[in-house]
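The values are calculated or read from the model by the stated rules, or taken from the named source; none is laboratory data. Source: prediction; values computed, not measured. A quick note on method: Cβ atoms are made from the backbone with ideal geometry, for glycine too, and the neighbour counts reach across all protein chains shown. Side chains included, ligands, DNA and RNA excluded: accessible areas come from the protein's heavy atoms. Shrake-Rupley method; radii C 1.70, N 1.55, O 1.52, S 1.80 Å.
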Amino acid sequence: MPVFLPAPPAARGARHDAKLARSLAVRAHLAPGATDDRLGLMDERTFDRSGQHASVVGLGTWQLGADWGDVDDKDALAVLETAAESGVTFFDTADVYGDGRSEQTIAALLSGRPDLHVLVATKMGRRADQIPGNYVLDNFRAWNDRSRRNLGVDRVDLVQLHCPPTPVYSRDEVFDALDTLVEEERVAAYGVSVETCEEALTAIARPGVASVQIILNPFRMKPLREVLPAAREAGVGIIARVPLASGLLSGKYTRETVFPDNDHRTYNRHGESFDVGETFSGVDYVTGVEAAAEFAALAPEGYTPAQLALRWIIQQPGVTTVIPGARSPEQARANAAAARLPELSDETMAAIRDLYDRRIKDQVESRW
């Protein structure tokens, strides 16, 4: 099977170098040790196999497709722009989000803002029937053509298989086809989005996989045990999704909270439409609300519960970027601010682990 080789440093780091140059120029005008949140500076980490860079806090754009809840075009653009101005350099989307609307909205922003240097990762595969036989080169080319049109680009920065059927991860021809997309310069790099730790480990063993996207948050800790160490060893980037457990970890919900009918937190609460692990991280809602109240009480001064969750993820060795969603500029700005908060203490990290072990672990570890 062909092995994907990273691009030469001079080519692969162009966006990062431009951002770094701007950052250094601005910092030169600050007093030693001073910071200015208005500058939108944020630490970046590297997908070692592809040489690409991403801000430690990215932006997930499922919400902006309006598949669940209502978000108009103006609000979606405002979220994207605020995230970028806050230092976010990694947008995650998918061809199925709003049946292309999310990709098109990202394109609308970036086409009008050539000053923004953002790595855009999309996903493919969920618009087709979920059978292994659909994961073939001809379909990959067709799906990629559509995403490139939606995004307004000749080459996609990073494409990910979107939680395909488990047998797909074990098929050589699937990864040969993905290598072909790289060779044809349709994509710069590829990765996978997975449901289970076992799928992640299978993917990491593939030499061309640049990234693995997996659910990771204080209510889903199993990936810490094997997936993150394996990814670090292999040089595979980790994209942490569902970081707030569908909002549970924001501390805003109670047993009485009612979500709209078109919200997956209503229609997929028991896995009716897709893997139940994508909704509240697979945690029973009542248990989740009670545990989230305990979690919120652990937030240090100056942190919101959501920022506590994001900061916990950022501090896990092996995480490249975490991709919270946002429905408003205020949420996008607050999420990005988590990257600049002080590191959590050992005591706080231990307390979060204790909460998981007591309230959550038995519900989720056997399934994912």
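Some values worked out for this structure:
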| quantity | calculated |
| --- | --- |
| Criterion violated by S102 - all others in (1) assigned to a strand (DSSP E or B); (2) open to solvent by less than 10 Å² (accessible area, probe 1.4 Å) satisfied | (1) |
| Residue in the range 222-229 that is under 14 Å from G282 (Cβ atoms), part of a helix (DSSP H, G or I) and at pLDDT 95 or above present | yes |
| G282, sole failed condition from (1) closer than 23 Å to T82 by Cα; (2) of a type outside the set (D, E, K, R); (3) in contact with an Asp or Glu (Cβ under 9 Å, 6 or more places away or on another chain) | (1) |
| Hits in the range 263-302 (condition: open to solvent by 30 Å² or more (accessible area, probe 1.4 Å) and either among the aromatic types (F, W, Y) or touching a residue at least 60 places away in the same chain (Cβ under 8 Å) (or both)) | Y267, F274, D275, D284, E290, E294 |
| Single condition Q363 does not satisfy, out of (1) more than 21 Å from T254 (Cα to Cα); (2) surrounded by fewer than 21 Cβ atoms within 10 Å (Cβ to Cβ); (3) not small (G, A, S) | (1) |
| Given (1) on the phi < 0 side of the Ramachandran plot; (2) in a helix (DSSP H, G or I); (3) in contact (Cβ under 8 Å) with a residue 24 or more places away in the chain, number of the condition K74 does not satisfy | (3) |
| Failed condition for G235, given (1) more than 24 Å from N335 (Cα to Cα); (2) open to solvent by 20 Å² or more (accessible area, probe 1.4 Å) | (2) |
| Matching entry among R358, R353, R311 (being crowded, with 22+ Cβ neighbours inside 10 Å, in a helix (DSSP H, G or I) and basic (K, R)) | R311 |
| Residues that are surrounded by 17 or more Cβ atoms within 10 Å (Cβ to Cβ) and hydrophobic (A, V, I, L, M, F, W, C), drawn from the range 238-258 | I238, I239, A240, V242, L244, A245, L248, L249 |
| Residue match in the range 125-132 (condition: surrounded by fewer than 19 Cβ atoms within 10 Å (Cβ to Cβ), touching a helix residue (DSSP H, G or I) at 6+ places or on another chain (Cβ under 6 Å) and either at pLDDT below 95 or not in a helix (DSSP H, G or I) (or both)) | yes |
| First in the range 324-347 and without any contact (Cβ under 8 Å) to a residue 60 or more places away in the chain and within 14 Å of T304 (Cβ to Cβ), second anywhere and open to solvent by 50 Å² or more (accessible area, probe 1.4 Å) and small (G, A, S), Cβ under 8 Å, 6 or more apart | L341/G302 |
| Subset of the range 320-342 (residues that are open to solvent by 60 Å² or more (accessible area, probe 1.4 Å) and over 24 Å from A293 (Cβ atoms)) | R333, R340 |
| Criterion (within 26 Å of D261 (Cα to Cα) and without any contact (Cβ under 8 Å) to a residue 12 or more places away in the chain) met by exactly one of D129, D99, D115, D92 | D129 |
| One residue from V96, V57, V88 being in contact with a Ser or Thr (Cβ under 6 Å, 6 or more places away or on another chain) and either at pLDDT 95 or above or open to solvent by 10 Å² or more (accessible area, probe 1.4 Å) (or both) | V88 |
| Among (1) under 24 Å from S246 (Cβ atoms); (2) within 17 Å of the chain's Cα centre (by Cα); (3) in a helix (DSSP H, G or I) - the single one A121 does not satisfy | (3) |
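So that you can scan it fast, the table gives a plain yes or no per residue for (1) open to solvent by 10 Å² or more (accessible area, probe 1.4 Å); (2) touching a residue at least 40 places away in the same chain (Cβ under 8 Å); (3) hydrophobic (A, V, I, L, M, F, W, C); (4) under 22 Å from D48 (Cβ atoms):
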residue	(1), (2), (3), (4)
D157	yes, yes, no, yes
L161	no, no, yes, yes
R171	yes, no, no, no
A177	no, yes, yes, no
S193	no, yes, no, yes
T202	yes, no, no, yes
V212	no, no, yes, yes
